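Q: The structure is given below, and queries will be raised subsequently.
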Amino acid sequence: MKIVTIIGLGLIGGSAARDLRCEGFASNIIGVDQNPYHASTALELGLVDEVLPLEEALGKSDVVVLAVPVNAISALLTTVLDQLPAQATLIDFGSTKGVLCEQVRNHPKRGQYVAAHPIAGTENSGPSAALEHLYLGKTNIVCEREASSEGALATAMALFGALGLQTVFMDAETHDKHLAYISHLSHVSSFVLSMTVLDVEKAEKDIFGLAGSGFASTVRLAKSSPAMWAPIFEQNSAFLGQAIEEYISILKRFQQHLQNGETDKLYEMMEHANKIRPVLEGKSKTPAS
């Protein structure tokens, strides 16, 4: 069993702490968080055994997990690697990988670092949002595994296994490109749709009274934390910008068909969009391993 330090005690870090304890991976879980309320709440909920200053926590750790927004990961990554004990493993859970991997490419302790992205979460935040089995059956992406030592990768894979994650490997650039389309663009769409409705529908009672489940599910992601997502958009701006351009192009084509009364063309576009159904249904039926 390992002494695990989790930096960032919100939904992502708190959920990891909950399951690492239950699955017997961690003998002791140390929390680090700049927010005193998050730190005290995590202690009260039993997510961590103690909360310590960063340097003290690192000195005691076998495994360190960075579970903060990607701009905070970027700010901490080099410092944490500098202070990491010789046999310890550092894992980050950030949603972008290119900037982070490049930042420590030539660091003397690069082998102790595993760049990971568990694709899991909700629109909620803070330690009280932590969920049991949040990661169970979810996909986890490890980037640049060849830059991690065998020992660090083995430790990380054991941690991922304890969380129930299904791990795949790819390079950082491919990760960021895929996530721009599959994850980041959907958040942009949700934020923008929410803004559009709020700008046009000035009466809150009308939004509440008329909005159906389709609207609610579509804008659910707009409740996500800007403190988390603004840095993701910034770090993945090139690929996300390209995704937005393509999205706008298709949206304009849809608008043109609508304005021209070309219902048959709209039907064809929607029929093409329906092809996503078997893809998603196939994924939902894939057994967890």
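The values are calculated or read from the model by the stated rules, or taken from the named source; none is laboratory data. As the structure is a prediction and not an experimental result, all values here were calculated from the model. In this analysis, Cβ positions are derived from the backbone assuming ideal geometry, glycine residues included, and neighbour counts consider all displayed protein chains.
Q: Confirm whether LEU153 is of a type in the set (A, V, I, L, M, F, W, C), under 19 Å from ARG18 (Cα atoms) and more than 13 Å from the chain's Cα centre (by Cα).
A: Taking the combined requirement at face value, the residue does not satisfy it.
Q: Can you go through GLY59, GLY98, GLY46, GLY31 and tell me which one is in the same structural domain as THR139 (by TED's automatic domain parsing) and in contact (Cβ under 8 Å) with a residue 40 or more places away in the chain?
A: Just a single option satisfies the conditions, and that option is GLY98.
Q: Filter segment 77-117 down to the residues that are in contact with a strand residue (DSSP E or B) (Cβ under 7 Å, 6 or more places away or on another chain) and of a type in the set (D, E, K, R), then identify the one that is farthest from ASP171 (Cα to Cα).
A: Among residues in segment 77-117 that are in contact with a strand residue (DSSP E or B) (Cβ under 7 Å, 6 or more places away or on another chain) and of a type in the set (D, E, K, R), the one farthest from ASP171 (Cα to Cα) is ASP92.
Q: Against the condition on the phi < 0 side of the Ramachandran plot, surrounded by fewer than 17 Cβ atoms within 10 Å (Cβ to Cβ) and modelled with pLDDT of 95 or more, how does ASP176 come out, does it pass?
A: In short, no.
Q: For the list (1) under 18 Å from the mean Cα position of the chain (by Cα); (2) surrounded by fewer than 19 Cβ atoms within 10 Å (Cβ to Cβ), I need the number of the one condition that GLU102 fails.
A: (1)
Q: Of all residues in segment 122-143, count the ones that are surrounded by fewer than 21 Cβ atoms within 10 Å (Cβ to Cβ) and part of a loop (DSSP other than H, G, I, E, B).
A: 11
Q: Let me ask another. Specify which of the listed residues (LEU210, LEU193) is at pLDDT below 95, out of contact with any strand residue (DSSP E or B) (no Cβ under 7 Å at 6 or more places or on another chain) and within 30 Å of PRO69 (Cβ to Cβ).
A: One residue alone meets the criteria, LEU193.
Q: Still on this structure, please answer the following. Is segment 260-270 home to any residue that is in a helix (DSSP H, G or I), closer than 30 Å to ALA129 by Cβ and of a type outside the set (Gly, Ala, Ser)?
A: Within segment 260-270, not a single residue is in a helix (DSSP H, G or I), closer than 30 Å to ALA129 by Cβ and of a type outside the set (Gly, Ala, Ser).
Q: Please tell me if ILE91 is surrounded by 15 or more Cβ atoms within 10 Å (Cβ to Cβ), more than 30 Å from PRO36 (Cβ to Cβ), outside the structural domain of HIS187 (by TED's automatic domain parsing) and among the aliphatic types (A, V, I, L, M).
A: No: the conditions fail for ILE91.
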